[in-house]
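For reference, the structure is listed below as structure tokens.
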Amino acid sequence: MKFKLISSLFTCLAFTVLHAAPQRPPNLIVILADDLGWGELGCFGQQLIQTPRLDRMAAEGMRFTQFYSGATVCAPSRSVLMTGLHQGRTRIRGNSTNPTKLALHSGDLTVAEFLKSAGYRNGVFGKWGLGESGPAASGLPLRKGFETFFGYLNHYHAHNHFPDHLWRNEERLPLPNRARAVGDFGGSVTDDPVLFADDLITDEVLKFIGRHQHEPFFVYWSPVLPHANNERTTTQGNGAQVPDFGPYAGRDWPEQDKGHAAMITRLDSYVGRLIDHLRLLGLDQNTIVLFSSDNGPHNESKHNLARFRPAGPFTGTKRSLTEGGIRVPTIAWGPGLVPAGVTSGHAAYLGDWFATAAELAGAKAPEGLNSVSFAAAMQGRPADQAAHDFLYWEFNERGFSQAVLYKGHWKFIRTTHPTRSVRLHDLENDPSEAKNVAAEHADIVASIEAYLTTARRDDPAWPATTRID
């Protein structure tokens with residue numbers, strides 16, 4: 001009798017193990033700041049701008065110190081993030097005033113579409129910029145794998161932090177701000193502001209998480225902070241319009257500097273609200289949050305770059321292929337999933353999110369991506385982490401330029417503006433890219449130039465305006 005009881009117990013246990021519910025994959029959140037520089041967070045060396053919640057997030061998670069944007073300007077960087085294809089192969093390769101050039105097509109597989117097929121509920125909040133109503137409708141968020149959208153569709157519209165409308169899914173939502181149009185592409189200024197868009201967008205992020213807390217979700221949150229209102233800079237000389245100056249109100253700084261700093265501190269508070277919300281709902285132990293930026297810091301608010309040193313030790317800003325234009329502050333957070341207080345020097349870029357999300361979701365990434373999962377590095381397993389041989393960027397304004405990171409530390413830049421030039425820098429010994437060592441390392445230059453012969457797929461919408469032969 002005793003033997004039969006033990007045998008029945010083992011049978012019951014075996015049945016329970018075999019038929020237990022599968023482990024729920026982690027919730028995934030990407031927060032993509034707009035024009036935030038590598039050096040604009042306290043945890044990345046900023047001395048004047050207060051970012052206590054992001055600093056705490058870094059202390060509780062992992063800092064990636066060699067993480068790169070998808071491009072040095074907004075639209076292509078977001079296309080790289082969504083498609084997992086680098087800038088020479090993704091659909092959108094530059095900024096443009098032509099909406100059809102900034103629209104994903106039906107055949108462009110996004111990470112949201114992929115995660116939807118893996119059982120995720122997907123929401124995007126903030127600036128989209130990869131499709132809008134009319135001829136560019138193929139790229140609207142709800143047609144690219146998301147079931148919920150709240151925010152801006154048009155890049156120029158997103159310049160104004162106090163717009164007269166936002167979009168909920170594919171419906172225009174009027175707001176009480178009275179915006180005046182400036183230019184022909186959707187830009188505007190607001191002289192009597194009422195509602196700050198990113199406040200509303202943050203609320204929508206938290207609501208979506210609450211609605212889907214019992215199922216796997218992917219949130220792509222793209223605040224517009226600290227992007228300038230370029231039209232306000234042009235008309236009023238100050239593109240850093242915020243509800244208040246916060247802790248900088250009493251500083252002896254120009255309003256542009258107070259406003260820029262207040263934007264970043266306000267962004268920091270939003271991230272704190274998200275983390276608190278996840279903890280309140282008990283989701284913190286099964287959620288990974290990745291915080292990053294779409295490109296390097298801007299100088300479009302007329303604020304003082306010398307005061308804040310937004311690129312940290314690096315050279316350049318937005319629209320530059322030097323490190324300051326493309327190396328961005330990146331933090332991964334997830335208690336129990338991401339080790340605390342760790343710094344990773346793994347070289348990755350926004351295009352790697354696709355393969356990373358696929359691995360975390362327990363699915364196989366599609367073939368043909370320019371995407372290497374950094375899940376191993378993020379989970380504290382550097383010995384298991386694969387690496388890129390080459391990372392690629394280009395810039396289609398002011399001539400045509402290309403940049404390559406080779407083997408994690410050789411930085412190559414080739415340009416036709418104003419004349420053809422080739423530069424090579426050893427980032428291990430020269431992070432500010434001050435010394436051109438191309439002549440001393442002809443073999444490295446040759447390897448990179450051989451890669452460039454196949455890296456880029458020609459696209460009539462994005463020609464190499466001054467081709468380099």
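The values are calculated or read from the model by the stated rules, or taken from the named source; none is laboratory data. It should be emphasised that the depicted structure is a prediction, and the values quoted were computed from it without experimental measurement. Cβ sites come from the backbone with ideal geometry, for glycine too, and all protein chains shown count toward neighbours. What goes into the accessible areas is simple: the full protein's heavy atoms, side chains included, and nothing from ligands, DNA or RNA. Shrake-Rupley method; radii C 1.70, N 1.55, O 1.52, S 1.80 Å.
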Which of the residues belonging to the range 44-85 are in a loop (DSSP other than H, G, I, E, B), in contact with a Leu (Cβ under 9 Å, 6 or more places away or on another chain) and either open to solvent by 10 Å² or more (accessible area, probe 1.4 Å) or polar (S, T, N, Q) (or both)? T51, Q66, S69, T72, L85
Search result, residues across the range 379-420 that are closer than 14 Å to I444 by Cβ, within 23 Å of the chain's Cα centre (by Cα) and open to solvent by 20 Å² or more (accessible area, probe 1.4 Å): D389, F390, Y406, K407, G408, H409
(1) surrounded by fewer than 21 Cβ atoms within 10 Å (Cβ to Cβ); (2) over 20 Å from the mean Cα position of the chain (by Cα): which one isn't true of L142, the others all being true? (2)
Quick one: is A262 surrounded by 23 or more Cβ atoms within 10 Å (Cβ to Cβ), more than 19 Å from the chain's Cα centre (by Cα), more than 24 Å from Q66 (Cα to Cα) and without any contact (Cβ under 8 Å) to a residue 24 or more places away in the chain? yes
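Restricting attention to the range 326-343, and to residues there that are open to solvent by less than 30 Å² (accessible area, probe 1.4 Å) and of a type in the set (A, V, I, L, M, F, W, C), which single residue is farthest from S401 (Cα to Cα)?
Initially, the range 326-343 is screened for residues open to solvent by less than 30 Å² (accessible area, probe 1.4 Å), giving 326-335, 338.
In the following step, the residues that additionally are of a type in the set (A, V, I, L, M, F, W, C) were identified as 326, 328, 331-333, 338.
Details: I326: 14, V328: 20, I331: 29, A332: 31, W333: 35, V338: 37 Å.
Among them, the one singled out is V338.
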Examine the range 417-439 for a residue that is more than 26 Å from W38 (Cα to Cα) and among the β-branched types (V, I, T), and state whether such a residue exists. yes
Check on V372, open to solvent by 30 Å² or more (accessible area, probe 1.4 Å), closer than 27 Å to D459 by Cβ and of a type in the set (V, I, T): yes
Those residues of the range 299-325 which are surrounded by fewer than 23 Cβ atoms within 10 Å (Cβ to Cβ) and of a type in the set (D, E) amount to E300
Identify all residues within the range 276-298 that are more than 25 Å from K258 (Cβ to Cβ), open to solvent by less than 20 Å² (accessible area, probe 1.4 Å) and part of a loop (DSSP other than H, G, I, E, B); write none if there are none. L283
For S133, all conditions in the list (1) open to solvent by 10 Å² or more (accessible area, probe 1.4 Å); (2) closer than 24 Å to V372 by Cα hold save one; what is the number of the exception? (2)
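Residue-wise test of (1) of a type in the set (S, T, N, Q); (2) in a helix (DSSP H, G or I); (3) under 20 Å from S222 (Cβ atoms).
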site	(1), (2), (3)
L321	no, no, no
G325	no, yes, yes
I331	no, no, yes
P335	no, no, no
V338	no, no, no
G351	no, yes, yes
A357	no, yes, yes
G362	no, no, no
Considering the range 88-113 alone, what residues qualify as being open to solvent by less than 20 Å² (accessible area, probe 1.4 Å) and of a type in the set (A, V, I, L, M, F, W, C)? I92, L102, A103, L104, V111, A112
Please state which of the following conditions H346 fails to meet, knowing it meets all the rest: (1) open to solvent by 40 Å² or more (accessible area, probe 1.4 Å); (2) assigned to a loop (DSSP other than H, G, I, E, B). (1)
Condition first: over 22 Å from L81 (Cβ atoms), part of a helix (DSSP H, G or I) and touching a His at 6+ places or on another chain (Cβ under 8 Å). Can you find one or more residues in the range 300-314 that meet it? yes
Here are some residues: V224, V219, V205, V242. Which one is assigned to a loop (DSSP other than H, G, I, E, B), modelled with pLDDT of 95 or more and either of a type outside the set (V, I, T) or within 19 Å of the chain's Cα centre (by Cα) (or both)? V224
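Among the residues of the range 71-85, write down those that are within 20 Å of G399 (Cβ to Cβ) and either without any contact (Cβ under 8 Å) to a residue 60 or more places away in the chain or of a type outside the set (V, I, T) (or both). Can you show your working first?
Start the filter on the range 71-85 by keeping residues that are within 20 Å of G399 (Cβ to Cβ), which leaves 71-77.
Result: A71, C74, A75, P76, S77.
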